[in-house]
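These notes are about the structure you will find just below.
We did not get these values from a lab; they are worked out from the coordinates using the rules stated. From a predicted model like this one, the values you see are computed outputs, not experimental measurements.
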C-alpha cells in the first residue's frame, strides 16, 4: 500500500489502469498499482472518486462515489394527440423551493402547463395542504377564460367529493407578453 492514511470517510482519486476479464482490475492510487474488485460499469482509463468505508484487517473497502449532475435535467414534456389531430403538450414547471429541501408529506405543490392549439397555454398550479386543495388556472383571456371561470364551481365540487378536502379554485386570465419594436 502507498504511504497514505486510509481512514473511513476519507476520499481519494484513483485511475483504472487495467480492467481484467472478471470483476478485478488494477487501479493506481498515489501512483502505486493495486489489485481491486471493480463494479461492472468501470472501464480502463476511468478516473474514480473513492470513499474509504472500512479498514479492518488486510483488506481496505472503498466505495465508488457517484458524481452529482451539475444541473437537474429539464422537466419532461408529454405530448397527447387530440381528437382533431392537433397535439397537446403537458410540461411540469420547476418549483422554486425544490432544490435541496426535504419534501413535507403534508404539503405538495406542482405547476403544469397544458398547451393546445384551441385553448392556448393553460397554466395549472395545484397545492395540497392538510385538509385543503388549491387550484389556480391561468387561461387565455376572453371566451376561454369565461368558460373556465363558469366551470370552476363544478371543478371545486368534484375535487372536494373525491378528496374529502376543502377546495379553492381560482381562474385568472393569462397575461401574454407582447414584443413591440418601432
Potential lengthening between residue 160 and residue 18 on full extension [0.36 nm per residue; Cα-Cα distance subtracted]: 44.9 nm
Convex hull volume per residue in cubic angstrom - Cα atoms of the stretch 11-64: 76
